[in-house]
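Rule-based calculations on the coordinates, nothing more; no lab input. The structure presented is a predicted model; accordingly, all values stated were derived computationally and were not measured. Here the Cβ positions follow ideal geometry from the backbone for every residue, glycine too, while neighbour counts run over all protein chains shown.
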Amino acid sequence: MELKEAVAGTLESGDMLVRIGPGEGLQVELQSSVEAQFGRRIRAVIRETLEGLGVENATVRVVDKGALDCTIRARVTAAAVRASGKDVWKD
Amino acid sequence: MRNSKLTTLEEAIRRSGLRDGMTISFHHHFRGGDKVVNLVVDCLSRMGFKDLHLAASSLSDVHKPLIEHIKNGVISRISTSGLRGELADAISRGLMEQPVVFRSHGGRGSAIASGELKIDVAFLGASSSDELGNACGYSRSDCAKSICGSLGYALPDARYAAHVVVITDDLVAYPNMPMSISAADVESVVVVDSVGDSSKISAGAIRDSKNPRDILLAKQAAKVVINSGYFEDGFSIQTGTGGASLAVVKYIREQMLQQGIKASFALGGITAHMVKLHEEGLIGRLVDVQSFDKVAAESLKNDPTHQEVSAVEYASGQHLGSATHALDIVILSALEVDVDFNVNVLVGSDGIIRGAIGGHQDTAADSALSIIVCPLLRGRIPCVVPKVTTLITPGKSVDVVVTEYGIAVNPARPEIAERLQAAGLRVVDIKSLAEKASSIIGTPEPLPFGDKVVGIVMNRDGSVLDKIYNIQ
């Protein structure tokens, strides 16, 4: 899957800003306001979401402001769709 | 004038007899706009003092320069009600060798009165003073530069400190009356360019919320007040500084007008909201230990039924005459509440100190009805938890917890639960709130606390309630 640079989300409390672009393997860089309590869980949800979409090579930089799992999935999916042009909801 | 106490800051310090290892004190009535702490500690540093104990009524973001003075050994101990910003962050990570001692406002007042907290030299900022030290948190002169209103937290220091230096930015003609701090307690008067930025008094903890969730919480809390059994003519009330707890006043006002109910007094930190109700005749007296905004500060200056009280008169647990003992209803906020109704308002869920005890312990313990208002979650951070990170207000003083997912009532107050249920409010078990929170956010991993004690939380009776460990 070819990826362009794409962004989804915001820096509002309870949300996250996801930036995605081409890469080799899945590189996830996370900055989170709840790193100590939820960092591991957030990384896992980001990876699962991308793998579920078939994204195997990407650089993902995420700034998290305490997003819930459902928000993380939605933002990561939106970023991947914008980067790949492949609309997972339609196709 | 004869016997003038006017001098420079350096000379005032020399005259005070201050020595290394002694205790200096400050008030925080200018909150985020305070200039006195940094000014005085810079001067003490230049004069070569070391190992001082800084006992402030509270500290905030603006006191970041203390980090350097702690590293340089000028300040080695701190007592305060709270810490915020970079100073709080550095201390949470283990900046100091000796733990910070946290006391409530009432606890600090009674510790000073009893001699448990002995102050050698108090440096008290004032918006006006005459040459003998009659001082106020406002000025009636044309040259007024600042206003902070009540000096309630400074009054125990003025009365009990061995030596008192008043620092003012408006020297007025003798006699500066009515005064808050009496010249009889003052040794030196120092004039500076500015003691504080009055526009920053309401910065920091105090927000006037437009957040729809805060408004929902405020409406629910108002319903709790109105149906609690304590909402009757002559009741008394206090609110804390959270967005929701401030907004409650607006909704209570509507019911006061409708039902023809008036309050006898409002206590504590006084806000523009309270002043409005007072001026409308809905609240008889304002009993003000701290003016939370400029409107409140001006009202204290101009309205004789808006009365200043000291921290001791306000909330001492040791003095039965303190005003909290006459308080019916208090509405407070929280960072965390646990399933035993214990409350934390000091340490964030990331283990970093980010708040203040304030009057939380005092008002919750002494009031007839204490209501905690907090959302179930803040982002991914749960506010109703199995166990609080740090114990500040013991659950036995907490009666009702209001969240957007339901209202929990302490099992020790079944009559209140009955009244709220009868009024159609959604009363739930507090454990179900903690479970609801964890079902949404998952289970947090434990915080990486170290084994160095960075803070000690005192109860208002002088016993130790909890310890705060360094975060790694």
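Helix B:212-227 and the long axis of chain B differ in direction by around 80°, with both axes built from C-alpha atoms.
Counting Cβ atoms of other protein chains within 10 Å of each Cβ in A:30-41 and taking the mean gives 5.
Rounded to the nearest 10 degrees, the angle from helix B:243-259 to the longest Cα principal axis of chain B is 70 degrees. If R0 is taken as 22 Å, the Cβ-Cβ distance between A:Glu51 and B:Ser432 corresponds to a FRET efficiency of 0.05.
Summed over qualifying helices (DSSP H, 4 residues or more, each -39500 (n - 2.57)) and divided by its residue number, chain A shows a 222 nm mean residue ellipticity of -12500 deg cm²/dmol. Counted over segment A:6-84 with a bin width of 5 Å, the fraction of Cα pairs per bin, in whole percents, is 3, 18, 33, 28, 13, 5, 0. For segment B:353-395, the percent of C-alpha pairs falling in each 5 Å distance bin, counted from 0 to the bin holding the largest distance, reads 5, 17, 25, 29, 18, 5, 1. The simple Förster model, with R0 at 41 Å and r as the Cβ-Cβ distance, assigns B:Asn211 and B:Met47 a FRET efficiency of 0.30. With both labels modelled 7 Å from their Cα along Cα-to-Cβ, the B:Glu86 to B:Ala162 distance reads 3.4 nm.
Rg of the Cα atoms in segment B:139-200, relative to 2.2 N^0.38 Å, amounts to 1.11. Where only DSSP H runs of four or more residues are counted, chain B gives -8000 deg cm²/dmol as its mean residue ellipticity at 222 nm, each run worth -39500 (n - 2.57). Peptide B:242-248 is shielded by partner chain Cβ atoms: per residue, an average of 0 of them sit within 10 Å of its Cβ. If the Kirkwood radius is taken over C-alpha pairs of segment B:250-312, then at 37 °C and 0.692 mPa s the Stokes-Einstein diffusion coefficient equals 282 µm²/s. Dividing the Cα radius of gyration of the protein assembly as shown by 2.2 N^0.38 Å, with N the residue count, gives 1.05. The C-alpha atoms of chain A define a longest principal axis, and helix A:69-84 lies at about 30 degrees to it. Normalised radius of gyration (Cα atoms, divided by 2.2 N^0.38 Å) for chain B: 0.96.
With a Förster radius of 22 Å applied to the beta-carbon distance between B:Ile67 and B:Thr443, the computed FRET efficiency rounds to 0.05.
Would you mind checking B:Lys35/B:Lys145; A:Lys65/B:Lys467; B:Lys396/B:Lys431 for any pair whose Cα atoms are more than 25 angstrom apart? In this structure, A:Lys65/B:Lys467 exceed 25 Å between Cα atoms.
With the alpha-carbon atoms of segment B:342-413 aligned to their principal axes, the span from lowest to highest coordinate is 32, 27, 16 Å, starting with the largest.
Take B:243-252, B:359-368 and order them by the average number of nearby Cβ atoms within 10 Å per residue, most first; the result is B:359-368, B:243-252. Plainly put, segment B:212-447 has a radius of gyration that is 0.96 times its Kirkwood radius, both from alpha-carbon atoms, as the Rg/Rh ratio.
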